[in-house]
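Read-outs: derived from the displayed coordinates by stated rules, not from any lab. If you're wondering where the values come from, they're calculated on a predicted model, not measured in any experiment. So basically every Cβ, Gly included, is an ideal-geometry build from the backbone, and we count neighbours across all protein chains shown.
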Amino acid sequence: MAAVSAATGLKFVYDRLTDEAPSQDRAAYQPDRYGKKWVPVLISWSTPEAAPELAGSVAGTGGSTSIQMPGEPYVYVSGQVLLDAPALSETLAYPDGPALVRAVIMHELAHVVGLDHVSDPTQLMYEENSGQLDFGAGDRAGLALLGTGKCVPRM
């Protein structure tokens, strides 16, 4: 979180633990669970059996939730990261394992704030794991640009 915050200028605040399960159809507004505000970013650990999107060699997924008010552009209001707990636990045992796990989490959080995959294997946002452990210059430029957008007021 700190690396994405530093690269974007966005401030992330720990909200709390939740019993909310990850969902591909997650609602951006859940007042019964979170009060009258956009839902916080949800970071979850799961397994490929419980979350089929983690099947194969996918160590994590990340994405944003956007909304559009009439006459306004789409804006991101929340997002979620889903991490493969068994696969990343195994990765921790590798040389540079903690750095690799950190890189996966940074990659997925960068999706939450709006970065997509790139075709340059020297960037952390390259779709396949190419051994990058930190954001590249292109990643940082994109993150800095995303951090200049207007914030959406709370509900």
Integer Hz, Karplus 6.51/-1.76/1.60 couplings in order for the stretch 77-82, x for Gly and Pro: 10, 6, x, 8, 10, 10
State the antiparallel share, in %, of DSSP beta bridges confined to the chain, rounding to the nearest 5. 60
Of Thr18, Leu82, Leu92, farthest towards positive along the dipole that unit charges on Lys, Arg, Asp, Glu beta carbons give the chain: Thr18
Within the stretch 17-115, DSSP-loop chymotrypsin sites (Phe, Trp or Tyr not before Pro) with at most 12 other C-beta atoms within 10 Å are Tyr74
Per-residue ³J(HN,Hα) for the stretch 30-39, Karplus 6.51 cos²θ - 1.76 cosθ + 1.60, θ = phi - 60°, Hz, x for Gly and Pro: 9, x, 5, 9, 10, x, 7, 7, 5, 5
Considering only C-alpha atoms, what is the centroid distance from the stretch 25-69 to the stretch 123-139, in Å? 23
The chain: angle of helix 137-146 to the longest principal axis, Cα-based, in degrees nearest 10: 10
If you build the convex hull over the alpha carbons only and average its shadow over all orientations, what do you get for the chain? Give it in nm² to one decimal. 9.9
Quick check on the stretch 1-51: what does the Kirkwood estimate of hydrodynamic radius come out to from the alpha carbon pairs, in Å? 13.0
Under 5 Å between amide hydrogens, which residues at least 5 positions from Trp38 or on another chain qualify, with H placed 1.01 Å from N in the peptide plane? Met155
Which net charge results when you count Lys and Arg as +1 and Asp and Glu as -1 among the other residues whose beta-carbon is under 13 Å from that of Ala103? -4
Counting only residues 5 or more places away or on other chains, whose amide H sits under 5 Å from the amide H of Val118 once H atoms are built in the peptide plane? Tyr126, Glu127
Peptides 54-61, 109-116: what's the order by average Cβ count within 10 Å, highest mean first? 109-116, 54-61
Segments 17-26, 84-93 sorted - mean Cβ within 10 Å per residue, highest first: 84-93, 17-26
Farthest toward positive dipole pole in the stretch 2-146 [+1 Lys/Arg, -1 Asp/Glu at C-beta], among Ser66, Val118, Thr47: Ser66
